[in-house]
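First up is the structure itself, then whatever we jot down about it.
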Amino acid sequence: VQLQASGGGLVQPGGSLRLSCVASRTSDRFNRMGWYRQAPGKERELVAQILRSGDTHYTDSVKGRFSISADNAKAVYLQMSNLTPEDTGVYYCNYIRFDSLAFWGQGTQVTVSS
């Protein structure tokens, strides 16, 4: 499985960004896909994930502002709105295969600043 993330950038507070992660060599037997982020000096944290069933989960700080979607096992997207400086970090896409083996994308930088 190979993951290629894109869509990060510099945005002002209150702005929006859409992250994309294209997956190759995947199987529709995936377990879940998601997005993590790592802020400077902090541990990587789960932001949002989507299960094979279509169920979604979000960390509390992004509920109502972020939306995750997926194109089967081929791509996963993260629509981010009303961004705040606390959303700054490197965002990584994640793919969990049916046997629970995890794969990571290379990360894309999101910076929210005026």
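The values are calculated or read from the model by the stated rules, or taken from the named source; none is laboratory data. Here the structure is a predicted model, which is why all the values come from computation and not from measurement. Cβ sites come from the backbone with ideal geometry, for glycine too, and all protein chains shown count toward neighbours. We work out accessible area using only protein heavy atoms, side chains counted, and drop any ligands, DNA or RNA first. Shrake-Rupley method; radii C 1.70, N 1.55, O 1.52, S 1.80 Å.
Quick check: residue separation of Gln106 and Ser20 times 0.36 nm, minus the Cα distance between them. What number comes out in nm?
Taking 0.36 nm per residue and subtracting the Cα distance, the gain is 29.8 nm.
Given the options Ala73, Ala102, Ala23, state which has the largest fluctuation in a GNM of the chain using a 10 Å cut-off (strictly under) for Cα springs.
Ala102
With the full set of protein chains in place, find how many percent of the accessible area of the chain is carbon and sulfur; take the probe as 1.4 Å.
Roughly 44 percent of what the probe reaches on the chain is carbon or sulfur.
Against the globular-protein guess of 2.2 N^0.38 Å, express the Cα radius of gyration of segment 63-114 as a ratio, rounded to two decimals.
My calculation over the Cα atoms of segment 63-114 gives 1.32.
Have a look at Leu101, Leu19, Leu51 and tell me which one the Gaussian network model of the chain (Cα, springs below 10 Å) gives the largest fluctuation.
For the chain, modelled as a Gaussian network with Cα springs under 10 Å, the answer is Leu101.
How many angstrom separate the Cα center of segment 79-114 from the Cα center of segment 12-36?
8 Å
Could you tell me what a quarter of the Cα convex hull surface of segment 44-84 works out to, in nm² with one decimal place?
Orientation-averaged projected area of the Cα hull: 3.2 nm².
Tell me, what is the per residue accessible area of the chain in Å², probe radius 1.4 Å?
Each residue of the chain exposes 53 Å² on average to a 1.4 Å probe.
Expressed in nm², what is the orientationally averaged projection area of the convex hull enclosing the Cα positions of the chain?
About 6.4 nm², averaged over all directions.
For Leu10 paired with Gln38, estimate the spin-label separation in nm (one decimal), with each label point 7 Å from Cα along the Cα-to-Cβ line.
Inter-label distance under the simple model: 2.3 nm.
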